[in-house]
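Visitor: Take a look at the following structure, please.
Every number in this text was worked out from the coordinates using simple rules, so none of it is lab data. Remember, it's a predicted structure, so these values are computed and weren't measured experimentally. As a convention, Cβ positions derive from the backbone with ideal geometry for all residues, glycine included, and neighbour counts pool all protein chains shown.
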Amino acid sequence: MAVVKTTTTSYGTRVKNSFKGIGSGILMFVIGTCLLFWNEGRTVKTSRMLKGAQKVCVEANVSSVDASMEGKLVHAVATASTYETLSDAEFPVSVPNAIKLNRRVEYYQWVEHKHEETRDKVGGSQETITTYTYSKEWVSSPVNSGSFQTQYDEGHSVANHVWRQIDDVSLVAEVVNYGAYVLDGALKGCIPCNENCGKFYVNEEGTYDVTGAQEPAPQIGDARITFTKGMGGVASILAVPMGNSFTKYYDAKNEKSLETLYMGEVPMEQMFQSEKQKNKILGWVLRLLGVLLIVGGLKNIFGFVETIAKVLPFVAKIIGFGISLIAWVIGLAWSLLIIGIGMLFYRPILGVIVLVAVAALVYYLITLKKKADAGEAPAAPVQQ
């Protein structure tokens, strides 16, 4: 049985809150604008760094320490391994020759889910119907059930507790050999840790090793602890030898660095192509985020107009649609303008093309508006 609560927000309160939204809207607009400009510089600088790095990168044999490679960006293929044994301090898990050992803890808890429906009322007030439902789930941390809307669901208590508080832990071998070299922290961080090597349950009766066994039926308060290991293996790197270890390649002109590891025998060209693709994808993701921030900011800035019209809900819907449409048109045009300015600053030719496109779009929109204001209609077909 769900818990349902109904609240009403007065017209005056809604108008007051909508004016507060102007400040957050301006902030979103500014952040989105700055993000778009910064992202163009980040994308270009990273692209230039990768192109320059690929030109100077050399193949290296890391079976022995080569002083002639010191300070150069190299591509190398070798086996990442260690002689260390990683052991958990609280559970009987010990893995010889493991580069990484992770402990991930989950708790079986009641979880509250909240669903809201809003209805505009004539006169400008708003009715909010909030439905709370409860389910048992595995979660990453204990849930405070004291904040739940009810302590009983369908006659059952939804109070949470845990039998034992356990932290997540990540262990990494201190020395990871890579040919005659050792990997630094950044390269060790690239080694995946995804091979299961142990599972435990903690319940009211104690702690049980259930590795390789069927999971028991959980009860509220139980904990499930999963261990994963990273054993390394053949790996390819892009890095700069420094002594018997490695460091980042740094492009001072573009203020960008490069140091990465891919598992398996991956050719140099393929690694650089992958890094370039990651840069492009990140660039488009950040552009989309910037546009959404700008459009969302504009909606917040002008949202008070729709709220004022909430006295008549059907009128407010029409105004809201118009505000949304205007926010998208202005937001997209502004976003393209900022992207164009960013490109003009970092990539002049592309920047000019984008700015010309923006100018053409603005001219087209102005022309449409003038025709609409003049009440122009399409010419009637000529009678034969």
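Visitor: From the phi of every residue in segment 132-145, what ³J(HN,Hα) in whole Hz does the Karplus formula 6.51 cos²θ - 1.76 cosθ + 1.60 yield, where θ is phi - 60° and glycine or proline is x?
Guide: Taking θ as phi minus 60°, the curve returns 10, 10, 10, 8, 8, 9, 7, 10, 7, 8, x, 9, 7, 7 Hz for segment 132-145.
Visitor: Next question. Under unit Cβ charges (Lys, Arg +1; Asp, Glu -1), what dipole magnitude, rounded to 20 debye, does the chain have relative to its Cα centre?
Guide: Computed charge dipole of the chain: roughly 2120 debye.
Visitor: Let me ask something additional. Can you list the residues, at least 5 places off or on another chain, whose amide H is less than 5 Å from the amide H of V182, using H built in the peptide plane?
Guide: Distant-sequence amide H within range of V182: S245.
Visitor: Then there is this: Among residues other than R103 whose Cβ falls under 9 Å from its Cβ, what is the net charge (Lys/Arg +1, Asp/Glu -1)?
Guide: Value of the local net charge: -3.
Visitor: OK, next. Given (i) 29.9, 96; (ii) 23.8, 104; (iii) 21.2, 72 as candidate values of Rg and Dmax of the Cα atoms in Å, which corresponds to the one derived from the coordinates?
Guide: After the calculation, the listed value that fits is (i).
Visitor: Follow-up question, since we're still on this one. Compute the distance from the alpha-carbon center of segment 246-295 to that of segment 111-141, in whole Å.
Guide: That distance is 40 Å.
Visitor: In the neighborhood of A309, defined by Cβ-to-Cβ distances under 12 Å, what is the net charge if each Lys or Arg adds +1 and each Asp or Glu adds -1?
Guide: +1
Visitor: ³J(HN,Hα) across segment 11-24 via Karplus (A = 6.51, B = -1.76, C = 1.60, θ = phi - 60°), whole Hz, x for Gly/Pro?
Guide: Each residue's phi maps through the Karplus curve to give 4, x, 5, 5, 5, 4, 5, 5, 5, 5, x, 4, x, 5 Hz.
Visitor: Considering only C193, A333, G155, whose Cα is most displaced toward the positive end of the charge dipole of the chain, charges sitting on Cβ of Lys, Arg (+1) and Asp, Glu (-1)?
Guide: It is A333.
Visitor: Can you tell me the FRET efficiency between K72 and M263 if r is taken as the Cβ-Cβ distance and R0 is 22 Å, rounded to the nearest 0.05?
Guide: 0.40
Visitor: Between their Cα atoms, which of K188/K278; K229/K256; K16/K310; K310/K370 are more than 22 Å away from each other?
Guide: From the list (K188/K278; K229/K256; K16/K310; K310/K370), the Cα-Cα distance tops 22 Å for K229/K256; K310/K370.
Visitor: Follow-up question, since we're still on this one. Using θ = phi - 60° and the Karplus form 6.51 cos²θ - 1.76 cosθ + 1.60, what ³J(HN,Hα) does each residue of segment 196-203 get, whole Hz, x for Gly and Pro?
Guide: 5, 9, x, 8, 10, 10, 10, 10
Visitor: Follow-up question, since we're still on this one. Quick check for me: using +1 on Lys/Arg Cβ and -1 on Asp/Glu Cβ, what's the dipole size of segment 118-269 about its Cα centre, in debye to the nearest 20?
Guide: Value, rounded to 20: 280 debye.
Visitor: Identify the trypsin sites (Lys or Arg not before Pro) of segment 261-322 meeting these criteria: DSSP loop state and at most 14 other C-beta atoms within 10 Å of the C-beta.
Guide: Loop-located and lightly packed - none at all.
Visitor: Segment 1-111: D in µm²/s via Stokes-Einstein (Kirkwood Rh, Cα pairs, 4 °C, 1.567 mPa s)?
Guide: 58 µm²/s
Visitor: Here's something else I'd like to know. Set Lys and Arg Cβ to +1 and Asp and Glu Cβ to -1, take the dipole of the chain about its Cα centre, and tell me which of L293, G303, V3 lies farthest positive.
Guide: The listed residue farthest towards the positive side: G303.
Visitor: Please name which of V95, L36, T79 has its Cα lying farthest along the dipole of the chain towards the positive end, using unit charges on Cβ (Lys, Arg +1; Asp, Glu -1) and the Cα centre as origin.
Guide: L36
Visitor: Taking amide H positions as placed 1.01 Å from N in the peptide plane, with prolines and chain starts having none, which residues 5 or more places from M242, or on another chain, fall under 5 Å of its amide H?
Guide: Placed amide hydrogens put T247 under 5 Å from M242.
Visitor: What aspartates and glutamates does K72 reach when the alpha-carbon gap must be under 20 Å and sequence neighbours fewer than 8 apart in one chain are set aside?
Guide: Excluding near neighbours in sequence, the set is E59, D184, D251, E255, E259, E269, E275.
Visitor: For D66, list long-range residues whose amide hydrogen, built 1.01 Å from N in the peptide plane, is under 5 Å from its own amide hydrogen.
Guide: none
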